[in-house]
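Working notes, structure below.
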Amino acid sequence: MGSKTERSKTRVKGFNDAEMDFQLIRQLGSTAYGGASVGECLAVADRIKDGIPANWVEEFAELARRQKTDAAKRAARGHTISAREQYLKACNSYRAAEYYTHYRDSVHRELGMKSRQCFEEAMRYADHTCEAIQLPFKSITLPLYFMSPSQNGNKRKTLLIVSGFDGTTEEEYLQTGYAALQRGYNILLFAGPGQMDTLRFHPDTCFEPDFEKPVETILDYVTGRGDVDTKRIASLGISFGGYFATRAASREPRIKALIANSPILDIHSYMTGFIGFDPAEMPDAEDFGPQDLPAIPDEIMSQQMKEMAANLMGRFGQASFKKTYQYMYEFSIGKALANITCPCFAMAGSGEGGEPQRQFTDFCHGVSGSVSSYLFSQEEGADSHCQVGNLSFSNAVYLDWLDELFD
């Protein structure tokens, strides 16, 4: 008898832990634009212990190291297309590892910088331009990438892209930036105070509610370029970026179109929806800070939840969980939503829950400009937050709208 014949040892399985399963879908979804491979993601997932962040970090960091080494070897032999593809995967694997590290941990910055370095290596072999810029803002600099489909210097429609709590500029490229370049847009990928890319260079910054201020600085730079059509500047906000971009558009008339994915008008209500109660109202005796987390039993708060709570407090620059949620009250669009008169496009996943859908509806009814919208379904494989499971379809929906608006 001969040995058994099989199709594969790889099996399609995720995690029981909901957050870790979403992060796996996020990584799998990036295959649409070269940010990962299905087989490597599933192989790594098979080795990760369900719900154990440290194990996730180890496995994705090792995958990134292998991909980076392979990319360098291919580049040395002149295989630039292969090198670019491998560097992009390494960049995104380092980002996945970075996600589950504490932002104050030196490993967090190390992984983030390696992700950035792999991305910049990939851009050496790209079929478009790429400028890495550090733009002065207050006492820090804002990290940007400006890209154009060609070097001809023609004035082009331009898309500003900002992510949210844990997205990076490099991930923005893999999610939607490259799709916009393919359609003839200049793109500017940027991060503001407290965001992941900015933390790599300025670890003491935290989120600031008045996001129109960094965007004003960004727009001063963009409108001063000779290759930007100032009548066709759009802004896309992804995840928390839905708040950042909407806040900026409510105060900045140079933004001629706004895409919110998803529209977040009130970060406090949005974040409260995750845990089912309002920590801003919790008794002081039940409040806790980062220093208290190790003493909380794992059966009350899992390792993953402790890590996420610590990062939440730190990224908002607050000393306790209660104070963090109280500070979130300042992250609200309020009546300024009516100031938005440019055409808008609202996007959300049907699987995101009641609070995101409520804010999606309020956005559609509250802006003064014309508004179009799309609620993505499970049947489309796009019901998750920011449609990470079907990025190409998500991009088709909003970029087709923007093409018709601008062209």
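The values are calculated or read from the model by the stated rules, or taken from the named source; none is laboratory data. Bear in mind the structure is a predicted one, so any value in this text is a computation, not a measurement. Cβ placement follows ideal geometry from the backbone for every residue including glycine, while neighbour counts extend to all protein chains displayed.
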So which of Leu28, Leu24 is within 20 Å of Gln303 (Cα to Cα), assigned to a helix (DSSP H, G or I) and at pLDDT 95 or above? Leu24
All but one of (1) loosely packed, with under 13 Cβ neighbours inside 10 Å; (2) in a loop (DSSP other than H, G, I, E, B) hold for Gly317; which doesn't? (1)
Filter the stretch 67-103 down to the residues that are loosely packed, with under 15 Cβ neighbours inside 10 Å and charged (D, E, K, R), then identify the one that is nearest to Glu307 (Cα to Cα). Lys73
Which numbered condition in (1) over 26 Å from Met313 (Cα atoms); (2) assigned by TED's automatic domain parsing to the domain that holds Thr31; (3) in contact with a Phe, Trp or Tyr (Cβ under 7 Å, 6 or more places away or on another chain) is the only one that Glu120 fails? (3)
Looking at the stretch 58-73, I want the residues that are at positive phi and outside the structural domain of Phe119 (by TED's automatic domain parsing) and have a partner that is outside any helix (DSSP H, G or I) and surrounded by fewer than 17 Cβ atoms within 10 Å (Cβ to Cβ) with Cβ atoms under 7 Å, at least 6 apart or on another chain. Which pairs are those? none
Top-ranked residue in the stretch 323-357 [being closer than 21 Å to Val397 by Cβ and in a helix (DSSP H, G or I); ranked as nearest to the chain's Cα centre (by Cα)]: Pro356
Boolean, Gln27 is among the polar types (S, T, N, Q) and more than 21 Å from Leu391 (Cα to Cα): no
Could you tell me which of the residues Phe244, Phe274, Phe240, Phe288 is farther than 20 Å from Ile133 by Cα and touching a strand residue (DSSP E or B) at 6+ places or on another chain (Cβ under 7 Å)? Phe244
Give me a count of the residues in the stretch 11-64 that are aromatic (Phe, Trp, Tyr) and in contact with a His (Cβ under 9 Å, 6 or more places away or on another chain). 1
